[in-house]
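Novice: Have a look at this one.
What follows draws every value from the coordinates through simple rules; no lab data is involved. Since the structure is predicted, the reported quantities are computational estimates derived from the model, not experimental observations. Positions of Cβ are generated from backbone atoms using ideal geometry, with glycine treated the same way; all protein chains shown enter the neighbour counts.
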Amino acid sequence: MIFGFVLMAVSASLFPMTTQLPLWFLIRIFMGIACCLYLVSGQTALNYLSHEGNRAMVNGINALALTFGFGVGPLFGSSLYQISPQLSFYFGSLVILSGVIVVWIGLPQKSISFQTSTHTKILSKLKLPLVGAFAYGFAESTLVSLYPVFLLKQNYSVDKIGATLAIFIVGGLISTVPIAYIGDKYGRLKTLFFAACIVLFSFIFLSFSYNITATNIFAFTVGAGFSPILPLAIALIGESISQHQLSTGTSIFMGTYSFGCTAGPILSSFVMQSIGDRYIFSLVIISFSIFSSYIFKKIMQVKTI
């Protein structure tokens, strides 16, 4: 985790030092590696150090902190950028380096024994979380990268687009911890199904909303249902595999999420060009339909057992 934070901080500080796009792409590659290093390690530690009674709640608080950082970061960054572009990157690097202190002081010095496991055996146990990881990554990257472009084409002002994305984030901030708590208390599968259905129907309505009020309402419900999905899915990893398989399972999970993030904008932009901008979320809707159906099937299997 410490190496990941240091690599990320150094990479971020390199951006203002060059204007060559190929070098920026190279820096982004190193940032991606760094991000995986501390995310996989962190998620593994969270699942290892939590227990069955609070696993979703712990991951929910982690997701809340991440969402809050995504919300606050652009505000500070844009303010510093107006003073000096270099200052915003260097400040970001310092914030990232502060994670080293947190890990060094706060992470319990607990001996953890991990054993190598066959990926096939783990994959069979993690089908549901992996489907959720792909759907989540696919939807998240499509929403962040393409939806602002879609709104611009619908003649929305930059201020209104920013407000819509902020409302999406607020929905996630409000709902993540309460829904994670409900998952621990009343069942993670049922709670995950409820959240996935909210996301599914919200994306359907969001695709065909024609005024700013409706758009903001459905942006809020998308955020409210969407943000708890990742912590609930990660919690399912902890209850589906043994502790010595956690690092491998988390790595596969994050790899699947990253694949979804990559596929989302590429495939969704192809759909927009082929059949129209209004179908921006058609593949997202399909992916969440499959995900919801898979959860429902799993719930029925559990009831039968």
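Novice: Give me a comma-separated list of calculated 3J(HN,Hα) values for segment 78-88, in order, Karplus coefficients 6.51, -1.76, 1.60 applied at θ = phi - 60°, integers in Hz, x for any Gly or Pro.
Specialist: Taking θ as phi minus 60°, the curve returns 5, 5, 5, 4, 5, 7, 6, x, 5, 4, 5 Hz for segment 78-88.
Novice: Kindly put 284, 271, 302 in sequence by how many other C-beta atoms sit within 10 Å of each C-beta, fewest to most.
Specialist: Listed from fewest to most nearby Cβ atoms, that is 302, 271, 284.
Novice: To continue, here is another question. How do 51, 244 rank when sorted from fewest to most other Cβ atoms within 10 Å of their own Cβ?
Specialist: 51, 244
Novice: Can you work out ³J(HN,Hα) from phi for every residue in segment 144-149, in order, using Karplus 6.51 cos²θ - 1.76 cosθ + 1.60 and θ = phi - 60°, giving whole Hz and x for Gly and Pro?
Specialist: With the stated coefficients, segment 144-149 comes to 6, 8, 9, 5, x, 5 Hz.
Novice: Follow-up. What is the spin-label model distance, in nm, from residue 123 to residue 87 if the labels are put 7 Å beyond Cα along the C-beta direction?
Specialist: The two pseudo-label positions are separated by 5.1 nm.
Novice: Taking every pair of alpha-carbon atoms in segment 6-153, what share in percent sits in each 10 Å bin, from 0 to the bin with the longest distance?
Specialist: Computed distribution, short to long bins: 8, 27, 37, 21, 6, 0.
Novice: If you line up the Cα atoms of segment 262-305 on their principal axes, what length do they span on each, largest first, in Å?
Specialist: 46, 20, 9
Novice: Distance between Cα centroids, segment 25-53 to segment 151-225: provide it in whole Å.
Specialist: A separation of 25 Å, based on Cα centres.
Novice: Test of understanding: express the Cα radius of gyration of segment 1-79 as a ratio to 2.2 N^0.38 Å, with N the residue count.
Specialist: That works out to 1.35 for segment 1-79.
Novice: Under 1.5 on a/c is rounded, so check that first for segment 128-194, then, if it is not, pick prolate when a/b is larger than b/c and oblate when it is not; a ≥ b ≥ c are the square roots of the alpha carbon gyration tensor eigenvalues.
Specialist: Verdict is oblate for segment 128-194.
Novice: While we're here: Which order do the peptides 9-20, 219-230 come out in when sorted by mean C-beta neighbours inside 10 angstrom, highest first?
Specialist: Ranking the peptides 9-20, 219-230 by packing returns 219-230, 9-20.
Novice: So which lysines can residue 297 reach, going by Cα to Cα under 23 Å and dropping same-chain residues fewer than 8 places off?
Specialist: 121, 125, 127, 185, 190
Novice: Still on this structure, please answer the following. Would you report the distance distribution of C-alpha pairs in segment 205-246 as whole percents per 5 angstrom bin, up to the bin with the largest distance?
Specialist: For segment 205-246, the binned pair fractions read 5, 21, 17, 13, 10, 10, 8, 7, 6, 2, 0 percent.
Novice: Could you list 70, 218 in order of exposure, starting from the residue whose Cβ has the fewest other Cβ atoms within 10 Å?
Specialist: Lowest count first: 70, 218.
Novice: Which residues does the label zone of residue 277 cover in segment 143-183, counting backbone N under 14 Å from a point 7 Å along Cα→Cβ?
Specialist: 146-158, 161
Novice: HN-Hα J couplings of segment 213-219 from phi, Karplus 6.51/-1.76/1.60, θ = phi - 60°, integer Hz, Gly and Pro as x?
Specialist: 5, 5, 4, 5, 4, 6, 5
Novice: Which one, (1) 58, 39, 37; (2) 54, 45, 32; (3) 50, 41, 39, gives Cα extents along the principal axes in Å as derived from the coordinates shown?
Specialist: Only one option fits the structure, namely (2).
Novice: Based solely on C-alpha atoms, express the radius of gyration and the Dmax of segment 162-297 in angstrom.
Specialist: 15.9, 51
Novice: If you don't mind, there's one more thing I want to ask. State the answer as a single residue: which of 167, 2, 263 lies farthest towards the positive end of the charge dipole of the chain, with beta carbon charges of +1 for Lys and Arg and -1 for Asp and Glu, about the Cα centre.
Specialist: Working it through, the farthest residue towards the positive pole turns out to be 263.
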